[in-house]
1. Looking at the stretch 118-132, is at least one residue among the charged types (D, E, K, R) and closer than 20 Å to His169 by Cβ?
2. If I go through the stretch 152-167 residue by residue, how many of them are surrounded by 15 or more Cβ atoms within 10 Å (Cβ to Cβ) and either of a type in the set (Phe, Trp, Tyr) or assigned to a helix (DSSP H, G or I) (or both)?
3. Going residue by residue through the stretch 213-236, is there one that turns out to be outside any loop (DSSP other than H, G, I, E, B), on the phi < 0 side of the Ramachandran plot and out of contact with any helix residue (DSSP H, G or I) (no Cβ under 9 Å at 6 or more places or on another chain)?
4. Where the second residue is surrounded by fewer than 16 Cβ atoms within 10 Å (Cβ to Cβ) and of a type in the set (Val, Ile, Thr) and the first is over 14 Å from Cys60 (Cα atoms) and lies in the stretch 116-141, which pairs have Cβ atoms under 6 Å and are six or more apart or on separate chains?
5. Report whether or not Glu260 is at pLDDT 80 or above, within 30 Å of Tyr214 (Cα to Cα) and part of a helix (DSSP H, G or I).
6. Looking at the stretch 183-212 only, could you name the residues that are modelled with pLDDT of 85 or more, of a type in the set (Ser, Thr, Tyr) and part of a helix (DSSP H, G or I)?
7. Out of the stretch 123-149, which residues are among the small types (Gly, Ala, Ser) and at pLDDT below 90?
8. If we scan the stretch 168-186, do we find a residue that is acidic (Asp, Glu) and closer than 30 Å to Cys95 by Cβ?
Amino acid sequence: MKSLVFFRSQRSVIAFAAVFTLSLAIGAASGMAVPAAASPAPKPSPQEGTYAGPETCAICHDEVHQKWATSRHAQAFSSPIFQKDWSELGSQFTCLECHTTGYDAAQSTYAFEGVTCESCHGPFRQGHPAEPMPVSPDHELCATCHKTTTDEWLASPHHAAGIECQSCHDPHAQQPLSDSITGLCSNCHKDNGDSFTHGSHANAGLECSNCHMYTSPRTEDPIQGLVPTGHTFTVGSEACIGCHQDTVHTRDVILELSGEVQTLKDLDTDQLRQLVQEQEQQIGDLEGRASVRLYTGLAQGAIVGLATGAVAAWIVSRNLELVDIEGDEDETAEDES
């Protein structure tokens, strides 16, 4: 009986060892095998009507997300200027309508800090991207927050010409759609640089916005973020005074210079060269005549000097002779007496 029990125990140990060894072999084989290509991570699928957040959009729109991440929209809540006003105004929740995403006035809550994708495109839609999330590319969308700027634009020639915000601004990066302001304006205003006023300012290194979007320099933080932005694009006297404080009342000089410049533009370069040559010839002739007059004057002076000196010498010598004669006569008279 003892032998049977031992035999059964031995079989149990052998079976355990065999199963354990097989498991180790399978584990080692699976570890050495090349893994299959990983399947794409499942996209978050928020419920309809909720806000997914910018990181969800970044899964597919990474390039746009990177441009937005350093923009003023992304920093609308964290901006030091906003945080300062937010504290001084007693944390008025109405400010969050523009500085957060998904603000709920009834609950005084918001979904995300800053102006995220869904602030303009709306809450995430179930079924996106098959279900699009369009945005209206016009000023009414921007006016929900940028009312001061939009009101200025409504009074501008740009509005009359149908040039919307997105015609000049990248809505994601909030940067001009060009490397420079002048380059942006030149897309439409190609001939303005030919005038004296535009040309002289461009040569001084100024951009179009220095005059056409001039605003008085701020010495303090804006109150509740409301500041003029120059989107009427008109040039007022304050723009000129900003640089020309000492010459603001010398408009007649500017007009005179403008007339002279226009006159010079009308002259032919060949005519100018001929005029310069003629003036150089006249200068040479005058210099030659001056030299001749100098030498002639010296010669005449020498002749006159010689003649005058000779006459003066003769007169002096003659007077001396008369004095000697009179002296001799006086001595003879004394001797005879």
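The values are calculated or read from the model by the stated rules, or taken from the named source; none is laboratory data. Keep in mind that this is a model prediction, so the values were computed, not measured. Note that we place each Cβ from the backbone using ideal geometry, even for glycine, and neighbour counts take in every protein chain shown.
1. There is at least one residue in the stretch 118-132 that is among the charged types (D, E, K, R) and closer than 20 Å to His169 by Cβ.
2. Here the count works out to 6.
3. Scanning the stretch 213-236, I find no residue that is outside any loop (DSSP other than H, G, I, E, B), on the phi < 0 side of the Ramachandran plot and out of contact with any helix residue (DSSP H, G or I) (no Cβ under 9 Å at 6 or more places or on another chain), so the answer is no.
4. Cys120/Val135; His121/Val135
5. In short, no.
6. Ser209
7. Across the stretch 123-149, the qualifying residues are Gly127, Ala130, Ser136.
8. Yes.
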